[in-house]
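Each value in this text was obtained by applying a stated rule to the coordinates, not by laboratory testing. Not measured: the values here are computed from a predicted model.
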Amino acid sequence: MDGLWSEGIVRQAVWLSGLVPFAQAEAILQEIGQVNISRCSIWRRSEVWGAKLKALEEAERSKANALPEKWEPPSRAVEADRRMGVAMNGMMVHVRQKGWKELKVGAVFDIEMRLGRDEHTHEPVQMAHAVHNTYAAHLGGPEVFGEMVFAEARRRGWEQAQDTEVVADGAPWIWNQADLHFGQSRQLVDWYHADQHLADAARLFKGEGTPAFQLWFNSHGRRCIRAMPNASPASWNRPPTNCPKSLTACAAKPATSASISTA
């Protein structure tokens, strides 16, 4: 029991306060649950349980990133075909009385192949899907955030997975954390941003809005897509050999703030 309310009611109140404002959480509990708990009481309990959750996350982060006294490679015999992925990104959120801040969010997920339909050819194809997603978020610098994401990945069994990858938008701070915590994993630019970079190259070579732009963009994009399914895992972090030489050259250049979107 927590004062006037049971542990279950407090848990629901705190959970609601993470989804909606305190006043709305109060109204929902009164209307649907017939529970009279004021917004101030919800706020107080959110503060208490939020502090406990933060302490637990800090303990898990410290444990996951601490140097072991004796390192033993993890066994991969139990889940021989497990594939996992991590995605990281940053977004701007407005914090009351502090203005706009960057919130960094990471997702850890299993990768599951499912039968889908190609949007261009409409043929049935096997497509990768992110399933069983869990998240880590941090309002602060990338160093602590990277440790939080690694702690969550390790809790999920990252080191037991046979195949792992990091997917992101190309921001330098993300790849720094990927190299630090997920250096043995494949690192991929997500298709949305890769598509943007391909469009930038098309504008450079053919001009904005011209028929030649669209033809170049479509044909070169299809060539790269067709090249990927037959590539070996060791070559997935390199441009396909039958991609245009111009794209291969661009991919080999180090990313700069002028050429990489941090959105």
Let a ≥ b ≥ c be the square roots of the eigenvalues of the Cα gyration tensor of the range 55-197; is it rounded (a/c under 1.5), or, if not, prolate (a/b larger than b/c) or oblate?
oblate
Full extension between TRP43 and MET91 adds, at 0.36 nm per residue less the Cα distance, a length in nm of 14.7 nm
